[in-house]
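Reviewing the structure listed below.
The values are calculated or read from the model by the stated rules, or taken from the named source; none is laboratory data. As the structure is a computational prediction, the values presented were derived from the model and not from experiment. Positions of Cβ are backbone-derived with ideal geometry, glycine not excepted, and every protein chain shown enters the neighbour counts. Please note that ligands, DNA and RNA were not included when accessible areas were found on the heavy atoms of the full protein model with its side chains. Shrake-Rupley method; radii C 1.70, N 1.55, O 1.52, S 1.80 Å.
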Amino acid sequence: MIFLNPLFLLLFPLVVFIIIYAQRKNLTSGFKFSSGELLQNLKPTIKVFLSQKIIYLRLAGAILIILALARPQAPIADSKIVTEGIDIVLTLDSSTSMLAEDFKINGQRESRIDVIKDVVKNFIKGRKNDRLAIVTFAARAYTVCPLTLDYNWLLTNLERLKSGMLEDGTAIGSGIAASLSRLKNSAAKSKVIILLTDGRNNTGTISPLTAAEAAKALKVKIYTIGAGAKGPVPYPARDFFGNKVYQQVEVDLDENTLTKIASITGANFFSATNTQSLRDIYGEIDKLEKTPVQEKGYLQYNELFPLFLVPGLILLFLEVVLMNTVLRKVP
């Protein structure tokens with residue numbers, strides 16, 4: 001049994017004191033006698049005895065009413081509440097190669113960075129009890145948003161992500177290191193980095209494989225995604241008149257290193273060559289990274305206050321009736 005309003009229980013000592021004090025004053029006789037010798041050998045009648053003990057009816061009634069005010073409740077059904085507590089860092093490449101437009105949304109050609117933001121947005125909306133962070137990298141790494149459960153704020157910060165916002169280059173090792181710094185103080189049982197890039201590590205002071213070994217030591221899994229088709233891809237440019245034109249550019253995707261990073265940390269490497277495959281990959285990771293934790297909780301409660309309130313009112317009513325009829329004092 002629990003009490004929804006336990007503060008009412010503090011009234012117990014005050015109410016008991018007031019009732020006992022009032023009863024003592026009530027026992028004082030209305031008549032004054034010079035001597036009580038004539039009454040010493042008289043035994044008290046049942047009426048006198050009951051009038052002296054009527055205080056217990058009042059005390060019992062008051063106690064029951066106070067218990068009712070405290071709202072006693074009893075759980076009537078317990079259930080297992082399943083929660084998921086995973087810390088996930090979404091590590092996204094924002095180098096200028098992500099401006100290549102070999103992905104489509106609704107039949108319209110879009111840049112890799114815009115398609116990835118759209119897919120990641122749906123991934124974020126699909127999480128419920130997990131903390132997420134966003135880290136981006138080009139020639140250096142930058143934390144777009146730290147770990148949070150505020151998904152609306154996360155989505156707002158995701159919109160800020162643009163290709164070319166950092167010095168150009170691809171520092172995969174720095175991206176992993178920055179992501180690990182977001183997770184190093186995490187108490188979550190499962191810690192995950194989802195790293196997406198379309199290039200090869202060509203700058204930074206940290207080797208991607210060294211960073212992967214650090215992740216392994218911290219028990220962090222790194223899922224790696226290689227984005228983009230192999231071979232020449234359409235890259236937007238401007239002609240002499242400012243019109244948008246496309247050039248065929250070769251993007252160097254290092255699938256071998258991405259596979260090793262995932263393997264070292266006990267995760268998987270995925271290759272995304274179009275929008276649908278990218279959605280499928282994030283959906284696959286979403287299914288893989290769910291660790292249910294059962295917690296016992298009580299969802300339904302039975303209100304017990306009528307069991308205390310009704311008898312309490314009956315006792316007080318009985319006390320009032322008796323004091324004004326059978327046990328009435330004169331004067």
- Would you grab the residues whose amide H sits under 5 Å from the one on Arg109? Only those 5+ places off in sequence or on another chain, please, with H modelled 1.01 Å from N. none
- In whole Hz, with x marking every Gly and Pro, tabulate ³J(HN,Hα) for segment 172-184 from phi via Karplus 6.51 cos²θ - 1.76 cosθ + 1.60, θ = phi - 60°. 4, x, 5, x, 5, 4, 5, 5, 5, 5, 6, 9, 4
- Which far-off residues, 5 or more places away or on another chain, put their amide H under 5 Å from the one on Val251, with H placed in the peptide plane? Gly231, Val233
- Task: Across segment 140-272, how many lysine pairs, 8 or more positions apart or on different chains, have C-alpha atoms separated by under 18 Å? Please give the number.
- Result: 12
- Message: Starting from the 7 Å offset along Cα-to-Cβ, what nm value, one decimal, do you get for the label separation of Asn243 and Leu10?
- Response: 8.0 nm
- Query: In segment 171-295, what is the volume of the convex hull around the alpha carbon atoms, normalised per residue and reported in Å³?
  - Reply: 142 Å³
- Message: Going by amide H atoms built from the backbone, whose H comes under 5 Å of the H on Ile206, apart from near neighbours?
- Response: Ser174
- Message: Once R0 is set to 56 Å, what does the formula 1/(1 + (r/R0)^6) return for the Cβ-Cβ distance between Gln276 and Phe317, expressed as a FRET efficiency to the nearest 0.05?
- Response: 0.15
- Message: Keeping all protein chains in the complex and leaving out DNA, RNA and ligands, what accessible area do you get for Glu255 with a 1.4 Å probe, in Å² to the nearest 10?
- Response: 50 Å²
- Please calculate the 1.4 Å probe accessible area of Ile314, with all protein chains present, and give it to the nearest 10 Å². 100 Å²
